[in-house]
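Colleague: This is the structure I want to talk about, given as structure tokens.
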Ligand code: F6R
């Protein structure tokens, strides 16, 4: 049921404080995380030579968001595989690998075929899914349900943030035997428990039946109306928020039917810079983390080419980012750097939503797409 919402996508975006709470319920303790589904396999996981994340679309992007902190907390190299590409290449997988399959539905054909392939190669196969009893949860050796609740809108929103949180908990569980990273683990646990109550974006539950529920929502609607006639939208991110750029662009593409590309800001000079002019809107994600000063210089370079920028920065950071008067700014609350993607995606989900409504397209059933892609 949509309740007071106009669309499922809108409802599911606003449900995230709740879905994140249910994802963490009973699993997050002051002393660490308790993941029943992995307990028996933690030793094998710790000994693995490599973690391979495998998924499609939004689920792939969630795994990409998790990659930096999984590497950091476990010390195990992580490689990324789009399921169809792994199959096309018949890429090497070994017994010493742990393959983590990420899928909201647990029924995506490419992901399941990649699972068959990894099982044949003898890797430990872990599932991260939202669907209890799905083929993925039945066929993997072990796994964690994200417990985000049923997702009906074709565009995945709340499952994305819950997937990232589950992978953070997996990383914390694998790394829990390492003394040197204990303070870092503690700060991530504190960050995780603060997520559902983060002010602004994530905690702005609808307060009325009006179309725009809260000021941030209204802000994104206003931004969407300024982009309504654009042909294209670029999103530049790096580090923890490269995945946010890909996922934000995917949302805009699939529901608002607008061309949009997420790009690694570090690659800007190697081609994309040629596209920059005063018409093409570019979102630059420049929230606080170790890449902040690099993103500031990207902003300066784009401004010197008269780029039309929308800057996403941490709350109160506008002057530090140094936008020109012509830039639009999206301010987001700050959380532990590696969890920032959970917050940063929300305004982009709202932007895609409003852009779709304003452009008059079907939000919950985008043209040509299905919720579960069960064919290759
Ligand atoms: C985008 C979207 C798709 C799915 C992809 C994988 O919003 O929903 O990109 O993420 O089809 O689906 P699952 O996660 O069910 O394997």
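The values are calculated or read from the model by the stated rules, or taken from the named source; none is laboratory data. As the structure is a prediction and not an experimental result, all values here were calculated from the model. Because the Cβ atoms are built from the backbone with ideal geometry, glycine has one as well, and the counts that use them run over all protein chains shown.
Colleague: Output the residues belonging to the range 318-339 that are in contact with a strand residue (DSSP E or B) (Cβ under 8 Å, 6 or more places away or on another chain) and either at pLDDT 90 or above or closer than 21 Å to residue 11 by Cβ (or both).
Modeller: Scanning the range 318-339 gives 327, 328, 329, 330, 331, 332, 333, 334.
Colleague: So, in the range 261-294, how many residues would count as being in a helix (DSSP H, G or I) and under 17 Å from residue 249 (Cβ atoms)?
Modeller: The qualifying residues number 6.
Colleague: Step by step: first the residues of the range 87-109, then only those that are more than 22 Å from residue 166 (Cα to Cα) and within 15 Å of the ligand (Cβ to nearest atom), then the one that is surrounded by the fewest Cβ atoms within 10 Å (Cβ to Cβ). Which residue is that?
Modeller: My answer is 109.
Colleague: If you don't mind, another one. Regarding the range 193-213, can at least one residue be identified that is at pLDDT 95 or above and crowded, with 23+ Cβ neighbours inside 10 Å?
Modeller: no
Colleague: Just checking, does the range 356-370 include any residue being modelled with pLDDT of 95 or more, within 11 Å of the ligand (Cβ to nearest atom) and either touching a strand residue (DSSP E or B) at 6+ places or on another chain (Cβ under 9 Å) or within 15 Å of residue 217 (Cβ to Cβ) (or both)?
Modeller: No - not one qualifying residue is present in the range 356-370.
Colleague: Which condition from (1) touching a residue at least 24 places away in the same chain (Cβ under 8 Å); (2) surrounded by fewer than 19 Cβ atoms within 10 Å (Cβ to Cβ) is the one that residue 285 breaks?
Modeller: Exception for residue 285: condition (2).
Colleague: Now for a different question. Report, by residue number, each residue of the range 357-375 that is surrounded by 15 or more Cβ atoms within 10 Å (Cβ to Cβ), touching a helix residue (DSSP H, G or I) at 6+ places or on another chain (Cβ under 7 Å) and outside any helix (DSSP H, G or I).
Modeller: Of everything in the range 357-375, those that are surrounded by 15 or more Cβ atoms within 10 Å (Cβ to Cβ), touching a helix residue (DSSP H, G or I) at 6+ places or on another chain (Cβ under 7 Å) and outside any helix (DSSP H, G or I) turn out to be 361, 363, 364, 366, 373.
Colleague: What pairs come up if the first residue lies in the range 309-326 and is under 22 Å from residue 230 (Cβ atoms), the second is at pLDDT 85 or above and exposed (fewer than 13 other Cβ atoms within 10 Å of the Cβ), and their beta carbons are under 6 Å apart, counting only those six or more places apart or on different chains?
Modeller: Listed pairs, sorted by first residue: none to list.
Colleague: Name the helices (runs of 4 or more DSSP H) wholly within the range 1-101 that hold at least 1 residues that are closer than 23 Å to residue 349 by Cα and under 23 Å from the mean Cα position of the chain (by Cα)?
Modeller: In the range 1-101, the matching helices (runs of 4 or more DSSP H) lie at 8-14, 16-24, 57-74.
Colleague: List the pairs whose first member sits in the range 263-277 and is farther than 10 Å from residue 237 by Cα, whose second member is assigned to a loop (DSSP other than H, G, I, E, B), and whose Cβ atoms are under 7 Å apart, counting only residues at least 6 apart or on separate chains?
Modeller: 276/305; 276/307; 277/306
Colleague: Given the criteria within 14 Å of the ligand (Cβ to nearest atom), surrounded by fewer than 21 Cβ atoms within 10 Å (Cβ to Cβ) and either modelled with pLDDT of 95 or more or in a helix (DSSP H, G or I) (or both), does residue 120 qualify?
Modeller: No.
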